[in-house]
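Values quoted throughout were computed directly from the atomic coordinates according to the rules given, and no laboratory measurement underlies them. In this text the structure is predicted, and so the values were computed from the model without any measurement. So basically every Cβ, Gly included, is an ideal-geometry build from the backbone, and we count neighbours across all protein chains shown.
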Amino acid sequence: MNLSLRPATLEDAQRLLDWRNDIQTRLNSFNKEEVSWLDHVEWLKKSLQSSDRKIIIVEWGDLSVGTIRLDCTLIISSYHGPLLPNTEEKAMVRRCCRQPVNSLSLEKS
């Protein structure tokens, strides 16, 4: 299967919120509280309109498996997904983390 990256859209809002509010994600976040739908959509709209931020959806074949958030001054990458940590999936996560970020533009679309 091929690993690919695509820009997030508002259509990804529910998936991104589900990943954000996942208990394991919250345990590893600065803010451990669940995020409400309204707060999330407001944040996502601002993020998608920002010229300083890109939110990328990582796909493995037809399956969305994670996100990468790129900010002009800071790169924050995180892996989220329903995959069990077997050998093949661990290799996919490593490939995701090695994907060259310099090929992604932070220019506003």
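Things worth noting here:
- Net +/- balance of residues flanking Ser64 in space, Cβ distance below 12 Å, scoring K and R +1, D and E -1: -3
- From most to least packed by mean Cβ count within 10 Å, the peptides 27-34, 14-21, 44-51 give 14-21, 44-51, 27-34.
- Placing a label point 7 Å from the Cα of Asp22 along the Cα-to-Cβ direction, the residues of region 37-59 whose backbone N falls under 20 Å of that point are 37, 40-41, 44, 55-59.
- Net length available on complete extension from Asp39 to Asp71 is 9.6 nm, with 0.36 nm assigned per residue and the Cα-Cα distance removed.
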